[in-house]
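S.K.: First the structure, then my questions, so here it is.
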Amino acid sequence: MKSMRFGVHGLALAGGAILWMLPLTAQAQESNRVAESTSRQIDDFGLSLSPSPKNQFAQTSPIQITDIQLEETEAGLQVVLETANGELVAPTPTTSGNALILEIPSAALAGETFEQFEPAVGIALVQVSALPEDRVQVVITGADAVPTADVETGASGLTLSVVPGIAQASEADEAIQILVTGDEEEGYNPSSASTATRTDTPLRDIPQSIQVVPQQVIEDRSTDTVIESVETVSGVVYNGGFADAPTGSVIIRGFDQAQQFRNGFRDSDRAGLSALDTVERIEVLKGPASVLFGAVEPGGIINVVTRQPLSDPFYNLAFEAGNRSFYQPSLDVTGPLNAEESVLYRFIASYQSSDSFQDFADSEITTVAPSVAFSFEDRTNLNLFYEYIDYSASPPEDYSFLLSDGSRPSRSFYPSYPDFAFREFTTQKFGYLFDHEFSDNWQIRHNFSATVSDVEDAQTFPSLLVDDRFLELDPSDREFTRDNYYGNIDLLGEFDTGSISHQLLIGFDVNRAEDSFAFSSGTVPSLDLLNPNYDVPRPDNFVPAFSDANFTTSYGLYLQDQVSLRDDLKLLVGGRFDWVSQRTEVEGEDPQEQDDTAFSPRIGLVYQPSDAVSLYASYSRSFVSTFGSNPDGNVFDPSQGTQHEVGIKADFLESRLSTTLAAYHITKSNLTTTDPDDPNFSIQVGEQRSQGVELDVAGEIFPGWNLVASYAYTDAEITEDNDLPEGNKLTNVPEHQASLWTTYEIQTGDLEGLGFGLGLFYIGERPGDLENTFMLSDYFRTDAAIFYRKDQFNAAINFRNLFNTDYFRASDGGDLFLFRGEPFTVTTSIGWEF
């Protein structure tokens, strides 16, 4: 039997931490906060700080911890970890505030996370939990100071003889660093999210369907864009964009959502670039989200959480290459900038070049993203970020189309004149995140972000297909900008009223959006599909055709309370009031202005009959401003989305596998439609409805076998309209959608680290326009992967559309404006982490 003694006081570090400096004397008065914050993640506005994915221990078969026993002793506490199949490795000690942290390598926890509050005098909390890469963490938090422990290891387990620490009151004592860890790597089954509440809330406590696409799934699938990455989420489908650029919009629960969010901030729209290289994970909140985010469509939102600076140095070099001349080198480095580790940095950069499956088309994408995080002594933190993304194509990938008999041209056919077609997109994102803790229970957060996008392109758009042979084209030169500036301030506090606990959020935000658009038009000859002549010079007859600018300023005041009525009963209630001012300037016309107000409530209830099951019901509303006026001169009211949702969230296999089953009904009202008494005007009597059932499953079946699966039934149609037939289905919304992505990695032996992945994606038949004049056929796509991970080395081969299925991803509103799916694509990647 071996014996070791740990009595660690002073400075300690853990991966993925932001650091606060607190005097030791303050910790003695804050034992409750330290006990809870030891296992808590800080995730403000979707900002998560993740640990370095460094593999510290080469492992074979982990030792199973089968039971955990606590016994109070005269000296303090005895903690016994019992094993069934071997001797545990002596743990590595660190401290965090009043907590002694022991990390045991080559070990696995047979049951769920173990927690016991106040097991002995002077001990506030004992927690035992599983970590990635076959590690188990034991956290022992002292009531007044960090405890000490004698450790004995033997064939039947490990014993900790714990002695409570004694608080130090001397002002001369050196300050120690309180560590607040970020997200632990949770593989395919994340346990919490921030998008739904602006606080780091367990998924099972949220009375709304929310799915998280973690970094591991993104890496295993080797996706190129945010939209590709959410293909595994039920009820989310592509709704068009700018072809091979990392832009676009999605449909969520039947309704278009062009607005994207980044770390909880309003970010780019369909015309703004979004780099996947900087993304840590993606959160998809289903249903109306105006209560926290202002004007958004009722189907839901996508919020990307970006990678942040880490305290542990981490370096990742990678290179990808594939067919169609694709290649992409990338770099991701992070670590401290000073010895105290109070200043951290991260730098991410990549370059991508590729041809298209369409003749002539190619593209280049450059991403540069530095960020710096500062920690100050008075519980104050500041994170500065910048992101530059540039996309260029000459010519860019273009639309495809349908012939009159429903057949398709060749996928490689380019339906434009390549010699004068080009597209240049540049998006810059910058800002800061600031937070300060007033006390254990109250903090203030202030954030600012800006997204500035500039676009120039020359393109020809199809206007008519004559005799299934001659494609009439309208050329144009376009310039447009999309600038968005967002700032907010939140006050977040925790308090009790009797036996009921509250987590209160009070916030105010301001958003300024400035858009401009101008284009010139010209003429070109029609393109003969049977004998295309691409030798057409750039026309010299371009004339200015249209120019406008739009300015929208909105102010929002919101209040939310997360109430724990009992351990098994939780209430979420909130409301937001918005003031919106719009101004439109069209060249040659008088400016038009409009002011709107909107109130967006949400209420939800969660009942948890067991630790593994949550039943919930919720009601929520959203709004989007509508510009214009009725025949009587009154300005239009905002459109309004109303949702009723019920669901069940359940965990299986000792919480390794999580499921969400949801049913919803959304009505979008106050839509404009032609006034039957005067066709020159519109009135707000239009209505659309979407209802359906969704199932999402994610997690680990057994060690090495992971999966994420989904199914959605969506019934979305027009219910009231003066222009379109009632009962028409909504554009690009399939009635049935399903997906499965699963991987298996060999855990032991000579082939340890070798893995395989399989993806199956089905999108049902859906209308190509609101008139329902044509349908896009259903399709079934198969993806696959082979990968190998060993220590700091990883390599993979990913196959997309393995069987070369020919399909349309979406329609842009007509049968001449279709987005073609990529044919068979293979990508190889290799990377080193150190």
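S.K.: Filter region 608-661 down to the residues that are acidic (Asp, Glu) and under 24 Å from TYR558 (Cβ atoms), then identify the one that is nearest to the chain's Cα centre (by Cα).
M.R.: Selected residue: GLU645.
S.K.: Can you tell me which of ASP590, ASP561 is outside any strand (DSSP E or B) and on the phi < 0 side of the Ramachandran plot?
M.R.: One residue alone meets the criteria, ASP590.
S.K.: Same structure, new question: Please pick out the residue among PHE376, PHE420, PHE385 that is at pLDDT below 95, surrounded by 18 or more Cβ atoms within 10 Å (Cβ to Cβ) and over 30 Å from PHE774 (Cα atoms).
M.R.: Details: PHE376 fails: surrounded by 18 or more Cβ atoms within 10 Å (Cβ to Cβ); PHE385 fails: at pLDDT below 95.
Testing whether each residue is at pLDDT below 95, surrounded by 18 or more Cβ atoms within 10 Å (Cβ to Cβ) and over 30 Å from PHE774 (Cα atoms) leaves just PHE420.
S.K.: OK, next. Give me a count of the residues in region 507-534 that are out of contact with any Gly (no Cβ under 7 Å at 6 or more places or on another chain), open to solvent by less than 70 Å² (accessible area, probe 1.4 Å) and either assigned to a strand (DSSP E or B) or over 30 Å from LEU465 (Cα atoms) (or both).
M.R.: Total meeting the criteria: 12.
S.K.: Consider VAL646 against the criteria (1) open to solvent by 40 Å² or more (accessible area, probe 1.4 Å); (2) closer than 23 Å to ASP578 by Cβ: it satisfies all of them except one. Which criterion is unmet?
M.R.: Result: VAL646 passes all but (2).
S.K.: Which residues, taken from region 268-290, are open to solvent by less than 10 Å² (accessible area, probe 1.4 Å) and either of a type outside the set (Gly, Ala, Ser) or not in a loop (DSSP other than H, G, I, E, B) (or both)?
M.R.: LEU273, THR278, VAL279, ILE282, GLU283, VAL284, LEU285, LYS286, PRO288, SER290
S.K.: Inspect all residues belonging to region 697-708 and state whether any of them is over 28 Å from the mean Cα position of the chain (by Cα), charged (D, E, K, R), modelled with pLDDT of 95 or more and not in a loop (DSSP other than H, G, I, E, B).
M.R.: No, region 697-708 contains no residue that is over 28 Å from the mean Cα position of the chain (by Cα), charged (D, E, K, R), modelled with pLDDT of 95 or more and not in a loop (DSSP other than H, G, I, E, B).
Residues are listed down the side, and each one gets a yes or a no for (1) modelled with pLDDT under 95; (2) open to solvent by 70 Å² or more (accessible area, probe 1.4 Å); (3) among the basic types (Lys, Arg):
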| residue | (1), (2), (3) |
| --- | --- |
| SER564 | no, no, no |
| ASP567 | yes, yes, no |
| LEU571 | no, no, no |
| GLY574 | no, no, no |
| SER581 | no, no, no |
| VAL586 | yes, no, no |
| GLN592 | yes, yes, no |
| THR597 | no, yes, no |
| PRO601 | no, no, no |
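S.K.: Looking at the structure I just gave you, is SER350 buried (at least 17 other Cβ atoms within 10 Å of the Cβ), modelled with pLDDT under 95 and either touching a Leu at 6+ places or on another chain (Cβ under 9 Å) or within 24 Å of PHE819 (Cβ to Cβ) (or both)?
M.R.: Judged against the criteria, SER350 is not a match.
S.K.: Can you name every residue in region 91-132 that is part of a loop (DSSP other than H, G, I, E, B) and open to solvent by 20 Å² or more (accessible area, probe 1.4 Å)?
M.R.: SER106, ALA110, GLY111, GLU112, THR113, VAL121, GLY122, PRO132
S.K.: Same structure, new question: What strands (runs of 3 or more DSSP E) completely inside region 765-814 contain at least 1 residues that are more than 27 Å from the chain's Cα centre (by Cα) and modelled with pLDDT under 95?
M.R.: By residue number, 779-790.
S.K.: Tell me which of these GLU341 doesn't satisfy, since it passes every other one: (1) in contact with a Leu (Cβ under 8 Å, 6 or more places away or on another chain); (2) of a type in the set (Asp, Glu); (3) over 24 Å from GLU833 (Cβ atoms).
M.R.: Status for GLU341: all satisfied but (3).
S.K.: Suppose we keep only residues that are under 17 Å from GLY97 (Cα atoms) and among the charged types (D, E, K, R) within region 134-175. Which one would you say is modelled with the highest pLDDT?
M.R.: ASP144
S.K.: The conditions are (1) open to solvent by less than 40 Å² (accessible area, probe 1.4 Å); (2) outside any strand (DSSP E or B), and SER439 fails exactly one of them. Which is it?
M.R.: With (1) open to solvent by less than 40 Å² (accessible area, probe 1.4 Å); (2) outside any strand (DSSP E or B) applied to SER439, the lone miss is (1).
S.K.: Only one of (1) modelled with pLDDT of 85 or more; (2) part of a loop (DSSP other than H, G, I, E, B); (3) not acidic (Asp, Glu) is not met by VAL212, so which one is it?
M.R.: (2)
S.K.: Can I ask one more? Those residues that are over 18 Å from the mean Cα position of the chain (by Cα), open to solvent by less than 40 Å² (accessible area, probe 1.4 Å) and within 27 Å of ASN239 (Cα to Cα), I need them from region 299-344; list them, please.
M.R.: Once the filter is applied, which keeps residues that are over 18 Å from the mean Cα position of the chain (by Cα), open to solvent by less than 40 Å² (accessible area, probe 1.4 Å) and within 27 Å of ASN239 (Cα to Cα), region 299-344 yields GLY322, PHE326, GLN328.
S.K.: Within region 442-457, count every residue that is surrounded by fewer than 21 Cβ atoms within 10 Å (Cβ to Cβ), within 15 Å of ASP390 (Cβ to Cβ) and under 26 Å from the mean Cα position of the chain (by Cα).
M.R.: Number satisfying all stated conditions: 2.
S.K.: For region 354-378, enumerate the residues that are part of a loop (DSSP other than H, G, I, E, B) and either out of contact with any Asp or Glu (no Cβ under 8 Å at 6 or more places or on another chain) or not hydrophobic (A, V, I, L, M, F, W, C) (or both).
M.R.: Filtering region 354-378 down to residues part of a loop (DSSP other than H, G, I, E, B) leaves 356-361, 377-378.
Those that are part of a loop (DSSP other than H, G, I, E, B) and either out of contact with any Asp or Glu (no Cβ under 8 Å at 6 or more places or on another chain) or not hydrophobic (A, V, I, L, M, F, W, C) (or both): SER356, GLN358, ASP359, PHE360, GLU377, ASP378.
S.K.: Would you check if ARG411 is touching a Pro at 6+ places or on another chain (Cβ under 9 Å) and part of a strand (DSSP E or B)?
M.R.: So ARG411 does not fit the description; no.
S.K.: Scan region 776-790 and report the pairs whose first residue is under 30 Å from PRO734 (Cβ atoms) and whose second residue is of a type in the set (Gly, Ala, Ser) and not in a strand (DSSP E or B), with Cβ atoms within less than 6 Å and a gap of 6+ or a chain change.
M.R.: Filtered contacts from region 776-790: LEU776/GLY768; ASP778/GLY764.
The values are calculated or read from the model by the stated rules, or taken from the named source; none is laboratory data. If you're wondering where the values come from, they're calculated on a predicted model, not measured in any experiment. Note that each Cβ is placed from the backbone with ideal geometry, even for glycine, and that neighbours are counted across all protein chains shown. What goes into the accessible areas is simple: the full protein's heavy atoms, side chains included, and nothing from ligands, DNA or RNA. Shrake-Rupley method; radii C 1.70, N 1.55, O 1.52, S 1.80 Å.
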